[in-house]
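Asks: Take a look at the following structure, please.
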Amino acid sequence: MLELNNISKKFYENIAVNDVSLKVNKGEVLGLLGRNGAGKTTTIKMILNLLKTDKGEILWNGKLINTNRPKIGYLPEERGLYGKTTVANQLRYFAELEGISTKEANRSIDLWLERLDIPEYKNKKAEELSKGNQQKIQLIAALIHNPELIILDEPFSGLDPVNTSTLSEVIEEQIVQGKTVILSSHRMETIESFCKKICLLNKGEVILYGDLDNIKDSYGYRNLILKENYEVISILNKSNVVYSLSQGEISIKVKNDSEAFTVLNLLKDNNVSLQQFKFIPPTLHDIFVERVS
Amino acid sequence: MNQFLTVIKFHFLEGIKSKGYLVIMSIICLAIIAGYGIVNYNSKKDAKSKDKYVVVNTTQFTIDEKTIESTLDDVSIIKKSSMSYNEIKKSLLDNKSKGVIVISEANNIPQVENYSISRPNQSLTALISQQLQSKYVYNIIEKQNIDPNVAKQLFAQVTVKDTQVKKEETKDTEKTFGIVYIFVFLMYMFLISFGQGLAQSITAEKSSRVMELMLAKVKPLTMMYGKIISTFLMAIVQILAIGCSFSIVYLLGWVSKEKMPLMGMNLDVSELSITIIIMFLIYFFLGYLLYAMLYAAVGAMASRIEDLSSVSLPVVALILGAFFIGMTSLHDPSATIVKVGSYIPFFTPIVTFSRIVSGAANTFEIATTISLLVVTILILNTFASRVYLNGVMNYTEKFSWKNFKMLIRKD
């Protein structure tokens, strides 16, 4: 289990991370969210021990992570490989740095290249590979040593749908194997599909943290979605109901079921026949935009 | 320790397998072997073929052509009693002779006329006129019945002895010039090329963003020192390759220990002692370490390869300063600038070493400069490590020296 207890980090007068606390259990995936400069990377660098905390402590299985360092697999947002080095040579290097023997590393390289459908690139120089295939190599570099804690920063950026699907399967496998995963991304649908728990950072502080379903349930409103229609819009305007329009849909924020029925009754009273309506909790995107902006 | 060795092994193997390194090393080694081969071939060819000179002597004053031929080993003399101008011209134009020397008499005094297409052979003319002069003088002495002892006194040579007065007891700079030059140049070249190579590889790791991946796997300082040592090993391999090339040249008998011409200089290898080689290795290693740390810091400061040349300018200036003072020490190892430079750690590796070869540095100077160098390296280690640590994680668009304060801060 990874535990961050009240960690803070300052660069001169600039507070990068302020009093952040969170927990990620074994087999759990935490979605780390926030705008650019929110403190996500600083938090990750403190977990990786690349930056020291000014305050607070980071624990792994109850002990300080510096003294009880787990095997960490890190896929950074800014990615790169040794362009002039062959795929096999650099993967072997990355594996050996993690304490894997050369023999074991060679075996793992073959397995991973097969798993990601790129065995033919084993002896090619990294610079000869496409961006998507380079990204696969980077993922192998992060996972080749069978890490206990996996930190993935924007893992799907720049991938085509086929590669996205392959990568999703790999991440799912890691979760099933009981790995502790931190997933940082700006793509809300990615976070929603993998993470049951989220931590939203803003200006270095945690502004939302916990189980995603609970957060949505307790968020205070739901969205009543109706098909865009002139008649409906006219009635909503006359009745001063606040709504928003997006992609041919009218979205009305309602606090509870009875408020939703009030709107629906209002439409019924004005003889508007509704073909369909949806009553859904706020999306992670809604929450993110609302809380951060 | 395992990680450190893994980093060294990876960067060393990748480095020596790189095309650039192999091409440069091959060119240097081939240039040494081919260069000496050509020089050796030409000298042998020159030894075999002698230039023919016709000497037309119509006087009573004879010359000793055997003495001349033994003194000038590239000259062969053909004696003739007469030759017309047209015959002389034909002989020269048909390349039958390199020159024609006509000895005639005017008022019983011998005179020499030199005919040639290119410049006349001054050594040959000098030897012939010297012999004629002597014959003429003895002729006069005989005619005038001068006492042979008086004649002997008349021919007594004025002796000239050159003595160089030195401030310090140093070796003959003429003898050590070649070795000092080669080692100063070698050290300069290696510091510049391998230091720059180190900085470039660090900046490349940063700009390609592979550094981001690496930072999670290995401590930045392990990476920095691993790269420094692997680059040093690459330099050693290149030095060994150069040494092997010289050994091949030596074993083939193309050069001797006493006479190893190099870039127009005579490299007297017999002046090389074990102490000098050990001193070279000590100063080379410490010098490399000092500049490698500076270059590592510089490499970490730049985010793009294009920025590297401007960021590394202060380091290049220091190496150039050391090189120029080292060059001054070739002729005058006791000059004040050389003495002072010897104690400045950034100049010590090149300057003190050249003073050691010249015999100008005493044990106290060697001990003091090495101590100062080690202390500087230790101090520099603290700052270079901080700059490296902060630099590799800092991706500013363009490096500005204003950011330097931020880079040396302690995390």
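The values are calculated or read from the model by the stated rules, or taken from the named source; none is laboratory data. Predicted model only: the values in this text are computed from it and were never measured. All Cβ positions, glycine included, derive from the backbone under ideal geometry; neighbour counts span all protein chains shown.
Asks: Which residue out of A:ILE215, A:ILE252 is closer than 24 Å to A:LYS197 by Cα and surrounded by 15 or more Cβ atoms within 10 Å (Cβ to Cβ)?
Replies: A:ILE215
Asks: Can A:LEU91 be described as in a strand (DSSP E or B), more than 7 Å from chain B (Cβ to nearest Cβ) and among the hydrophobic types (A, V, I, L, M, F, W, C)?
Replies: The answer is no for A:LEU91.
Asks: Is it the case that B:SER70 is in contact with a Gly (Cβ under 6 Å, 6 or more places away or on another chain) and small (Gly, Ala, Ser)?
Replies: Working: in contact with a Gly (Cβ under 6 Å, 6 or more places away or on another chain): no; small (Gly, Ala, Ser): yes.
Considered against the rule, which asks whether it is in contact with a Gly (Cβ under 6 Å, 6 or more places away or on another chain) and small (Gly, Ala, Ser), B:SER70 comes out as no.
Asks: Could you tell me whether A:THR53 is of a type in the set (Val, Ile, Thr), within 14 Å of chain B (Cβ to nearest Cβ) and free of Cβ contacts under 8 Å to residues at least 60 places away in the same chain?
Replies: yes
Asks: Would it be correct to say that A:GLY73 is small (Gly, Ala, Ser), within 10 Å of chain B (Cβ to nearest Cβ) and surrounded by fewer than 22 Cβ atoms within 10 Å (Cβ to Cβ)?
Replies: no
Asks: To continue, here is another question. Please count how many residues of region A:25-40 are farther than 19 Å from A:GLN174 by Cβ and buried (at least 21 other Cβ atoms within 10 Å of the Cβ).
Replies: 5
Asks: When the residues of region B:211-227 are narrowed to those that are among the aliphatic types (A, V, I, L, M), at the interface with another protein chain (Cβ under 9 Å from one of its Cβ atoms) and not in a loop (DSSP other than H, G, I, E, B), which ends up farthest from the chain's Cα centre (by Cα)?
Replies: B:LEU213
Asks: Kindly provide the set of residues from region A:109-132 that are crowded, with 20+ Cβ neighbours inside 10 Å and in a helix (DSSP H, G or I), ordered by number.
Replies: Selection gives A:ILE109, A:TRP112, A:LEU113, A:TYR121, A:ALA126.
Asks: Looking only at region A:1-36, which residues are more than 20 Å from A:GLU148 (Cα to Cα) and free of Cβ contacts under 8 Å to residues at least 24 places away in the same chain?
Replies: A:PHE11, A:TYR12, A:GLU13, A:ASN14, A:ASN36 - these are the residues of region A:1-36 that are more than 20 Å from A:GLU148 (Cα to Cα) and free of Cβ contacts under 8 Å to residues at least 24 places away in the same chain.
Asks: Could you list all residues from region A:4-19 that are away from chain B (no Cβ under 14 Å) and either surrounded by fewer than 17 Cβ atoms within 10 Å (Cβ to Cβ) or out of contact with any strand residue (DSSP E or B) (no Cβ under 7 Å at 6 or more places or on another chain) (or both)?
Replies: A:ASN5, A:ASN6, A:ILE15, A:ASP19
Asks: Given the conditions (1) within 14 Å of chain A (Cβ to nearest Cβ); (2) touching a Leu at 6+ places or on another chain (Cβ under 6 Å); (3) not charged (D, E, K, R), which single one is not true for B:PHE61?
Replies: The failed condition is (1).
Let's see how each residue does on (1) in a helix (DSSP H, G or I); (2) modelled with pLDDT under 85:
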| residue | (1), (2) |
| --- | --- |
| B:GLN111 | no, no |
| B:TYR115 | no, no |
| B:ARG119 | no, yes |
| B:SER123 | yes, no |
| B:GLN133 | yes, no |
| B:TYR136 | yes, no |
| B:GLU142 | yes, yes |
| B:GLN153 | yes, yes |
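Asks: Check A:ILE58, A:ILE100, A:ILE44, A:ILE65 and return the single one that is more than 14 Å from chain B (Cβ to nearest Cβ) and surrounded by 14 or more Cβ atoms within 10 Å (Cβ to Cβ).
Replies: A:ILE58
Asks: Has region A:141-157 got any residue that is more than 20 Å from A:ASN49 (Cα to Cα), in a helix (DSSP H, G or I) and touching a residue at least 40 places away in the same chain (Cβ under 8 Å)?
Replies: There is no residue in region A:141-157 that is more than 20 Å from A:ASN49 (Cα to Cα), in a helix (DSSP H, G or I) and touching a residue at least 40 places away in the same chain (Cβ under 8 Å).
Asks: Determine which member of the set A:GLY31, A:GLY37 is more than 11 Å from chain B (Cβ to nearest Cβ), within 26 Å of A:GLY158 (Cα to Cα) and in a strand (DSSP E or B).
Replies: From the options A:GLY31, A:GLY37, the qualifying one is A:GLY31.
Asks: Out of A:LEU51, A:LEU22, I need the residue that is touching a Leu at 6+ places or on another chain (Cβ under 7 Å), at negative phi and either crowded, with 20+ Cβ neighbours inside 10 Å or assigned to a loop (DSSP other than H, G, I, E, B) (or both). Which one?
Replies: Criteria check complete, one pass: A:LEU22.
Asks: Sticking with this one: Identify all residues within region A:76-88 that are more than 7 Å from chain B (Cβ to nearest Cβ) and either under 23 Å from the mean Cα position of the chain (by Cα) or β-branched (Val, Ile, Thr) (or both); write none if there are none.
Replies: Those that are more than 7 Å from chain B (Cβ to nearest Cβ) and either under 23 Å from the mean Cα position of the chain (by Cα) or β-branched (Val, Ile, Thr) (or both): A:GLU77, A:THR86, A:VAL87.
Asks: For the subset of region B:243-267 comprising residues that are surrounded by fewer than 12 Cβ atoms within 10 Å (Cβ to Cβ) and modelled with pLDDT under 75, which member is nearest to B:ILE28 (Cα to Cα)?
Replies: Across region B:243-267, the extreme among qualifying residues is B:MET263.
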